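Peer 1: Here you go, one structure.
The values are calculated or read from the model by the stated rules, or taken from the named source; none is laboratory data. All of these numbers come straight from a predicted model, not from anything done at the bench. Cβ sites come from the backbone with ideal geometry, for glycine too, and all protein chains shown count toward neighbours.
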4 protein chains.
Amino acid sequence: MRKVCVVVTARPSWAKLEPVCRALQARADVELQIVACASALLERYGRVVDVIAAQGYPIAEQVYSVYEGATLETSARETGALCTALAGTFARLRPDVVLVMADRHEVLGAAQAAAYSHLLLAHCQGGERSGSVDDKVRDSITALADLHFPCTEGAGFRVYSLTGAWDRIQVTGCPSIDVAREAHGEPPVTAEELGGAGVPIDLSRPFGVVLQHPVTSEADEAEAQMGATLHAADESGLPCVVFWPGQDAGAEGVSKAIRVCQTQPGERFHTVRNLPPHRFLRFLTHASVLVGNSSAGIRESSYLGVPVIDIGSRQQGRERASNVVWCPHDAGRIAAAMARQIAHGRYPSSPLYGTGDAGPKIAEVLAHVRLGVDSRSVRV
Amino acid sequence: MRKVCVVVTARPSWAKLEPVCRALQARADVELQIVACASALLERYGRVVDVIAAQGYPIAEQVYSVYEGATLETSARETGALCTALAGTFARLRPDVVLVMADRHEVLGAAQAAAYSHLLLAHCQGGERSGSVDDKVRDSITALADLHFPCTEGAGFRVYSLTGAWDRIQVTGCPSIDVAREAHGEPPVTAEELGGAGVPIDLSRPFGVVLQHPVTSEADEAEAQMGATLHAADESGLPCVVFWPGQDAGAEGVSKAIRVCQTQPGERFHTVRNLPPHRFLRFLTHASVLVGNSSAGIRESSYLGVPVIDIGSRQQGRERASNVVWCPHDAGRIAAAMARQIAHGRYPSSPLYGTGDAGPKIAEVLAHVRLGVDSRSVRV
Amino acid sequence: MRKVCVVVTARPSWAKLEPVCRALQARADVELQIVACASALLERYGRVVDVIAAQGYPIAEQVYSVYEGATLETSARETGALCTALAGTFARLRPDVVLVMADRHEVLGAAQAAAYSHLLLAHCQGGERSGSVDDKVRDSITALADLHFPCTEGAGFRVYSLTGAWDRIQVTGCPSIDVAREAHGEPPVTAEELGGAGVPIDLSRPFGVVLQHPVTSEADEAEAQMGATLHAADESGLPCVVFWPGQDAGAEGVSKAIRVCQTQPGERFHTVRNLPPHRFLRFLTHASVLVGNSSAGIRESSYLGVPVIDIGSRQQGRERASNVVWCPHDAGRIAAAMARQIAHGRYPSSPLYGTGDAGPKIAEVLAHVRLGVDSRSVRV
Amino acid sequence: MRKVCVVVTARPSWAKLEPVCRALQARADVELQIVACASALLERYGRVVDVIAAQGYPIAEQVYSVYEGATLETSARETGALCTALAGTFARLRPDVVLVMADRHEVLGAAQAAAYSHLLLAHCQGGERSGSVDDKVRDSITALADLHFPCTEGAGFRVYSLTGAWDRIQVTGCPSIDVAREAHGEPPVTAEELGGAGVPIDLSRPFGVVLQHPVTSEADEAEAQMGATLHAADESGLPCVVFWPGQDAGAEGVSKAIRVCQTQPGERFHTVRNLPPHRFLRFLTHASVLVGNSSAGIRESSYLGVPVIDIGSRQQGRERASNVVWCPHDAGRIAAAMARQIAHGRYPSSPLYGTGDAGPKIAEVLAHVRLGVDSRSVRV
């Protein structure tokens, strides 16, 4: 039986790999091997490996590779460490195909370990542009991979430019849209499922969502940037759910801006720490508007048709559907854009990032593609 | 003063990096930092780091990263180990630019360490095609690099396809041609300088050269392949200098084929273990024909105009000038090709792989290119 | 109201343009202008302009541009003549968008007339490979066009390489698949609808189809090539419907081979001159196997799942689904391939050349794309 | 003997084709056939065909193809007319190779006539970017051509993207640089050779040159744009030679701005109608600064090292060497840039657009490239 090894290096990647793993798991002709590594094993990132196991997936190996202290140097060290360790893992597990996701620095280590071990390497989310060193890492992984599952046609074109091998590319859409499609059809999130603190929110009436992460290279401005967004959100008159930021540099500034609001008289924000991906999308699909710089505004929201204000540079370069309006960090312009988006209402679902069947499509190719390095195609 | 760090990972790369290092060393506006690592430090590969030091170059750091036992797994481990270690090296040396060469697996580790450390990364010999996993590794390094010095226009075109950034590519030719140009103008090698064993050879009269390495993936056929070549060489009537092979899988078979010849009556081969690059080219430039599968037949010989028979699959995919005739491993066809090439005589020098000024050209760009990741061009 | 001008230059193009015209005609926001020219007006090619008018489409202009005597020179003259004449037509009709199809030489003339008149130019079937000067003409039209509707993802990748403009490319599939989808769901063709001569055929039982055109550059071998195919078809034991060839050089040889068979004792061929596209596909979808070198074997049959033997060089370079087996002009190999394909039976429908909704997709983009030369995208 | 047909369609193209024709004419292995057509035959464009004949070149045919009245429609008609007529010319002359230059609309007609006649087609100046429909026409010609002689490496990369055929591309530099190299070594132009009117100018002392054409799409602003340039030139204190514009839409405005200056007290301009290319470059090479929007500021000046102010949008997209400073149409900024450029003085010669040997290089390839459509390379 064909063995497919899926490498999970971080919590956000799992949300995108899960639909693929589910489809692989459902097949009789494939044995799924999940290797969890890097921050997927760490408590302070929520140990997604435990979530994976709790969902009933088998964990073939766990590989620790994160160094204490996040610096430029440690990301290089971690990549090296992961490459070194996975070389041993692959020698033990002997998979036929290895699947990796996206562009985090350590993923290149996994890709190298697979390529040097002469294993068939498949890659999701290649060919996108987002600026910064991520573009280089992503393209570098594409250069090592044999099979490519880009999310958009534009990304597929770029993968073609990089590889020249059109028959090894299948534009499948992003697996995150599979989750969005599922969530779309389910009952709305209840107040209990939402949890959180601050002003209570009535989810049966129109509400907005604020989800804004710090931009690493603009960490010093994070507080002012979040301040402008919250100011505009407040002005909109719409009750809003505000999410606390992740852990990147600048997170403290974002949090501070939220706390400042909470102490002001008349503020109308409900705050939430975090929701599991599926529940988050069930929640998001009913929002009147999403404000901030989350990738969910670009990807999942395009499918869900949620009106979005994308603020600042974080998602720059990403392809976007017509539901997204861009704004700089300027409270006045954000407020004006919110007014327009609220007035516009829901957009038609866009197929830009997929139609919700990426997982089964990818699983189908991985199950049937000819092994051997020279003669294979993703086409049926 | 601008600091340029050159990473040397193996003996053959040094032959190509030396002209660049010489040109950098000669500049008042550059501080050269040589980091020697991987097999460049190992006795059984001739410890080229000692050669470098003896030539008067400063060795900034030595980094051990080779694992005992050459398997698919160890090459992945070594790349990881080198990436990890060089991250520390770069943090200590703080270079402005890092230069790497070609496509050996561990070079990708060096490239990653530089890219993740947000250093300006320059790469020589990108964009070539040679089949095998080397193509992937080479393209992957190109994806990480900021500045590209491909050897041929064809390779430059491919780098452009990969990167889309024409103003960061300068087709400089291969630095190995710098050595060839130098060697071209110097007095012929004497019998003493040549050394070796077997039938004595008169270098003032026409002679042939046989230089054939085993092909890793065809190791079992190595002896028969070398047998065919030597049979044809013998039949040519031309006295020949035969080089012993390197250490790759199959080397034993090649060596055995040579030894079998040595014991035959009337054989006319002189055998040589190895020559330093410069001396080798002074020797090669006077040969009537070069037979085998060495890269010198494709690169340096194109500049020198030496007639070449390229045999088998090892150099497949490489661009070649008109001095090269390809043959399969068939004694009859090799003999016929040798007769034609000997009758043809010397070819005009081809600029395909350069005109002998790659070192100064590369040094000039590295000294003057604007630092900072976003706005720079290799053009003056 | 937006005016879309569709240029029809030949009978076979109309079969592909019709689904687009139907979708355009059905829209309230578009005025359709059909310009019929070149061989679409000529009696000896069946004057498809009369068919178009009989189907209820408005003919805006008719432009004669075919020279008597088909030589290399006349195809150049015709292109020039069509370009010249259409410049006037466009000045009169003032369309907002011009749509052209495929790669016939005169289509480049139409494309030029549109581009020089600064009209928005849309092109179907760009990016394919078929060898010969057609590739050049097709790419040259792509270079002039603003909007691209390639049929396959592979063709889309190539259009991207040519233009670099991913947001002006939409892979819609081939409109010919729209016809195939429609035909697929309709009742089988009756003997009356089929018509023809020779041995009567029972369409309710398994039958094969032979459809083989002469290859212009191999005109001298046309008779022998058709002989081999008919010999194999005869040997298969399957009753076969054989179509007479088109009018290209070599057609006489193909016809002669058919007539020779007709005079032989025990032959089992029914012969047919021609069927309208829709009826042909209703007929084809029930065939046990299609033998020959028609593009219908590559395109429509991939959707219909009909087993195909593609013979010789005519369709070389075309992307093909798994329903196609290739054979050289060798009776023995054709017979063996037929046996395998008949045993295999119907294939699953492949989406390679589209899913049958190209017409409406193209019409939608043409109706909504922003006019003006600089800022437009085919994406919603 | 191999027949090479060079198609000359306009006066400016001849300046670039002449170095190639001279090199072809000098060869014993080539028969040169010059076909003069389009505006090359017209009195009001200076009938360059007479110049060609006076230089001793044989004119094989003259083909009239220009319609009276320059509109969008006539450029389409002219292209068609030229294609039609040249199909006959090529049938008569039977050349082995056809060479065309650059991107004027009618050149595509010539390219088509050659491609459809299955002649080997060579193209100079492909792959450049200049905005407007010229880019489409240029790329369309590239798609039809078999051999490509782009002027810069960047243009070569783009031709590669378009064609994927690296061995049919040779970056030769622009033949206009051959003329510049020649002119560079010759004695300065005398006042008699310069001619002209207005304030007398002493060519032995520092002087500036103003050469500004109207931009067709900004014809209404031509007078104001020229006014700003002349104002800045006046302010520089440097005596200037001002050239009258060509005949494009807006020329009247440019001329008016010059005449206004001539009537002002204290003006310091000398005006010149036109100089033959070679004499113009002998003149230009001694200028302290060139101001305006002529292509000579981008191409020939880069080789000559003349400081240049490039104004406005006309040369936008062109690659430029470090001798060029760009300015908008703003008298103050132009004056400031002139001051900086005059202070800077001459630049080192840049090889960006070539090193002055394009003609012989192109002739060499045309003389030796293998004929036949499938197997040929521009490399030796």
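Peer 1: Quick check on my filter: what residues within the range D:250-294 are in contact with a helix residue (DSSP H, G or I) (Cβ under 8 Å, 6 or more places away or on another chain), under 14 Å from residue D:225 (Cα atoms) and surrounded by 15 or more Cβ atoms within 10 Å (Cβ to Cβ)?
Peer 2: Across the range D:250-294, the qualifying residues are D:250, D:251, D:253, D:254, D:257, D:258, D:261, D:291, D:292.
Peer 1: Right, another one. For residue B:57, are the conditions met, namely being surrounded by fewer than 24 Cβ atoms within 10 Å (Cβ to Cβ), more than 20 Å from residue B:246 (Cα to Cα) and not aliphatic (A, V, I, L, M)?
Peer 2: Criteria met by residue B:57.
Peer 1: Output the residues belonging to the range A:26-49 that are in a helix (DSSP H, G or I), surrounded by fewer than 16 Cβ atoms within 10 Å (Cβ to Cβ), of a type outside the set (Lys, Arg) and under 19 Å from the mean Cα position of the chain (by Cα). Outline the logic, then answer.
Peer 2: Of the residues in the range A:26-49, the ones in a helix (DSSP H, G or I) are A:38-41, A:43-45, A:48-49.
Subset that is surrounded by fewer than 16 Cβ atoms within 10 Å (Cβ to Cβ): A:43-44.
Then drop every residue that is not of a type outside the set (Lys, Arg), which leaves A:43.
Scanning the range A:26-49 gives no hits.
Peer 1: Of (1) at pLDDT 95 or above; (2) crowded, with 22+ Cβ neighbours inside 10 Å; (3) of a type outside the set (Phe, Trp, Tyr), residue B:81 satisfies all except one. Which?
Peer 2: Result: residue B:81 fails condition (1) only.
Peer 1: Then there is this: Filter the range A:318-328 down to the residues that are surrounded by fewer than 20 Cβ atoms within 10 Å (Cβ to Cβ) and modelled with pLDDT of 95 or more, then identify the one that is nearest to the other protein chains (Cβ to nearest Cβ).
Peer 2: We begin by selecting, within the range A:318-328, every residue surrounded by fewer than 20 Cβ atoms within 10 Å (Cβ to Cβ); these are A:322, A:326, A:328.
Subset that is modelled with pLDDT of 95 or more: A:326, A:328.
Numbers: A:326: 15, A:328: 19 Å.
Once the filter is applied, the top-ranked residue is A:326.
Peer 1: Something else about it: Given D:94, D:104, which one is crowded, with 17+ Cβ neighbours inside 10 Å, among the basic types (Lys, Arg) and within 14 Å of chain C (Cβ to nearest Cβ)? Give the derivation first.
Peer 2: Numbers: D:94 fails: crowded, with 17+ Cβ neighbours inside 10 Å.
Result of the check over D:94, D:104: D:104.
Peer 1: Tell me, yes or no, whether the range A:113-129 has at least one residue that is without any contact (Cβ under 8 Å) to a residue 24 or more places away in the chain and on the phi < 0 side of the Ramachandran plot.
Peer 2: Step one: filter the range A:113-129 for residues without any contact (Cβ under 8 Å) to a residue 24 or more places away in the chain, giving none.
No, because not a single residue in the range A:113-129 is without any contact (Cβ under 8 Å) to a residue 24 or more places away in the chain and on the phi < 0 side of the Ramachandran plot.
Peer 1: For residue B:203, indicate whether it is within 14 Å of chain A (Cβ to nearest Cβ), more than 17 Å from residue D:170 (Cα to Cα) and among the aliphatic types (A, V, I, L, M). Spell out how you get there, then give the answer.
Peer 2: Details: within 14 Å of chain A (Cβ to nearest Cβ): no; more than 17 Å from residue D:170 (Cα to Cα): yes; among the aliphatic types (A, V, I, L, M): yes.
Criteria not met by residue B:203.
Peer 1: Look at residue A:366 and say whether it is touching a strand residue (DSSP E or B) at 6+ places or on another chain (Cβ under 6 Å) and more than 14 Å from chain C (Cβ to nearest Cβ). Before you say what the answer is, go through the steps one by one.
Peer 2: Working: touching a strand residue (DSSP E or B) at 6+ places or on another chain (Cβ under 6 Å): yes; more than 14 Å from chain C (Cβ to nearest Cβ): yes.
Yes, satisfied.
Peer 1: Given (1) buried (at least 22 other Cβ atoms within 10 Å of the Cβ); (2) in a loop (DSSP other than H, G, I, E, B), where does residue B:69 come up short, assuming only one miss?
Peer 2: Every listed condition holds for residue B:69 apart from (1).
Peer 1: Filter the range C:107-130 down to the residues that are at the interface with another protein chain (Cβ under 10 Å from one of its Cβ atoms) and not small (Gly, Ala, Ser), then identify the one that is surrounded by the most Cβ atoms within 10 Å (Cβ to Cβ).
Peer 2: C:112
Peer 1: Now for a different question. Got at least one residue in the range C:28-38 being within 8 Å of chain D (Cβ to nearest Cβ), touching a Leu at 6+ places or on another chain (Cβ under 8 Å) and touching a residue at least 24 places away in the same chain (Cβ under 8 Å)? Full working, then the answer.
Peer 2: Start the filter on the range C:28-38 by keeping residues that are within 8 Å of chain D (Cβ to nearest Cβ), which leaves none.
So far as the range C:28-38 goes, no, none of its residues is within 8 Å of chain D (Cβ to nearest Cβ), touching a Leu at 6+ places or on another chain (Cβ under 8 Å) and touching a residue at least 24 places away in the same chain (Cβ under 8 Å).
Peer 1: Next up: Considering only residues that are surrounded by 14 or more Cβ atoms within 10 Å (Cβ to Cβ) and not hydrophobic (A, V, I, L, M, F, W, C), look in the range A:196-205 and name the one that is nearest to the chain's Cα centre (by Cα).
Peer 2: So the first thing to find is which residues in the range A:196-205 are surrounded by 14 or more Cβ atoms within 10 Å (Cβ to Cβ), and the list is A:196, A:198-199, A:201, A:203.
From what is left, the residues that are not hydrophobic (A, V, I, L, M, F, W, C) are A:196, A:198.
Working: A:196: 23, A:198: 27 Å.
Looking at the filtered set, the residue picked out is A:196.
Peer 1: Consider residue B:342 against the criteria (1) of a type outside the set (Lys, Arg); (2) modelled with pLDDT under 95; (3) not in a loop (DSSP other than H, G, I, E, B): it satisfies all of them except one. Which criterion is unmet?
Peer 2: With respect to (1) of a type outside the set (Lys, Arg); (2) modelled with pLDDT under 95; (3) not in a loop (DSSP other than H, G, I, E, B), residue B:342 is out only on (2).
Peer 1: Can you confirm whether the range D:50-60 contains a residue that is free of Cβ contacts under 8 Å to residues at least 60 places away in the same chain, within 12 Å of chain C (Cβ to nearest Cβ), outside any loop (DSSP other than H, G, I, E, B) and of a type outside the set (A, V, I, L, M, F, W, C)?
Peer 2: no
Peer 1: Under 6 Å between Cβ atoms, at least 6 apart or on separate chains: pull out the pairs that start in the range A:189-204 with a residue that is over 14 Å from residue A:275 (Cβ atoms) and end on any residue that is modelled with pLDDT under 95 and of a type in the set (Lys, Arg).
Peer 2: A:199/A:268
Peer 1: Moving to a separate point now. When you go through (1) among the small types (Gly, Ala, Ser); (2) farther than 28 Å from residue A:116 by Cα; (3) buried (at least 24 other Cβ atoms within 10 Å of the Cβ) one by one for residue B:140, which number turns out not to apply?
Peer 2: (2)
Peer 1: Could you grab me the full set of residues in the range C:160-169 that are touching a helix residue (DSSP H, G or I) at 6+ places or on another chain (Cβ under 6 Å) and not hydroxyl-bearing (Ser, Thr, Tyr)?
Peer 2: Residues satisfying the conditions are C:162, C:166, C:169.
Peer 1: Could you say whether any residue in the range D:77-98 is closer than 22 Å to residue D:135 by Cα and in a strand (DSSP E or B)? Show your work before the answer.
Peer 2: Taking the range D:77-98 and keeping what is closer than 22 Å to residue D:135 by Cα, we get D:77-83, D:98.
Those left that are additionally in a strand (DSSP E or B): D:98.
There is at least one residue in the range D:77-98 that is closer than 22 Å to residue D:135 by Cα and in a strand (DSSP E or B).
Peer 1: For the condition touching a helix residue (DSSP H, G or I) at 6+ places or on another chain (Cβ under 7 Å), in a helix (DSSP H, G or I) and surrounded by fewer than 22 Cβ atoms within 10 Å (Cβ to Cβ), what is the one hit in D:193, D:186?
Peer 2: On inspection, the qualifying residue turns out to be D:193.
Peer 1: May I ask you to list the residues in the range B:196-215 that are of a type in the set (Val, Ile, Thr) and part of a loop (DSSP other than H, G, I, E, B)? Full working, then the answer.
Peer 2: The initial filter retains those residues of the range B:196-215 that are of a type in the set (Val, Ile, Thr), namely B:199, B:201, B:209-210, B:215.
Hits for the range B:196-215 are B:199, B:201, B:215.
Peer 1: So if I check each of C:74, C:152, C:89, which one is free of Cβ contacts under 8 Å to residues at least 24 places away in the same chain and more than 7 Å from chain D (Cβ to nearest Cβ)? I'd like the intermediate steps shown before the answer.
Peer 2: Details: C:152 fails: free of Cβ contacts under 8 Å to residues at least 24 places away in the same chain; C:89 fails: free of Cβ contacts under 8 Å to residues at least 24 places away in the same chain.
Selected residue: C:74, the only one of C:74, C:152, C:89 that is free of Cβ contacts under 8 Å to residues at least 24 places away in the same chain and more than 7 Å from chain D (Cβ to nearest Cβ).
Results for (1) over 22 Å from residue C:174 (Cα atoms); (2) touching a Pro at 6+ places or on another chain (Cβ under 8 Å); (3) charged (D, E, K, R); (4) crowded, with 21+ Cβ neighbours inside 10 Å, shown as yes or no for each residue.
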{"site": "C:302", "(1), (2), (3), (4)": "no, no, no, yes"}
{"site": "C:305", "(1), (2), (3), (4)": "no, yes, no, no"}
{"site": "C:311", "(1), (2), (3), (4)": "yes, yes, no, yes"}
{"site": "C:316", "(1), (2), (3), (4)": "no, no, no, no"}
{"site": "C:337", "(1), (2), (3), (4)": "yes, no, no, yes"}
{"site": "C:343", "(1), (2), (3), (4)": "yes, no, no, no"}
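Peer 1: Sort out which residues of the range B:1-25 are part of a loop (DSSP other than H, G, I, E, B) and free of Cβ contacts under 8 Å to residues at least 40 places away in the same chain, and write them in order of number. Lay out the reasoning, then the answer.
Peer 2: Of the residues in the range B:1-25, the ones part of a loop (DSSP other than H, G, I, E, B) are B:1, B:9-10.
Selection gives B:1 alone.
Peer 1: Looking at D:171, D:133, D:179 in this structure, which one is within 14 Å of chain C (Cβ to nearest Cβ), β-branched (Val, Ile, Thr) and either crowded, with 22+ Cβ neighbours inside 10 Å or in a helix (DSSP H, G or I) (or both)? Full working, then the answer.
Peer 2: Numbers: D:171 fails: within 14 Å of chain C (Cβ to nearest Cβ); D:179 fails: within 14 Å of chain C (Cβ to nearest Cβ).
Going through D:171, D:133, D:179 in turn, just one is within 14 Å of chain C (Cβ to nearest Cβ), β-branched (Val, Ile, Thr) and either crowded, with 22+ Cβ neighbours inside 10 Å or in a helix (DSSP H, G or I) (or both): D:133.
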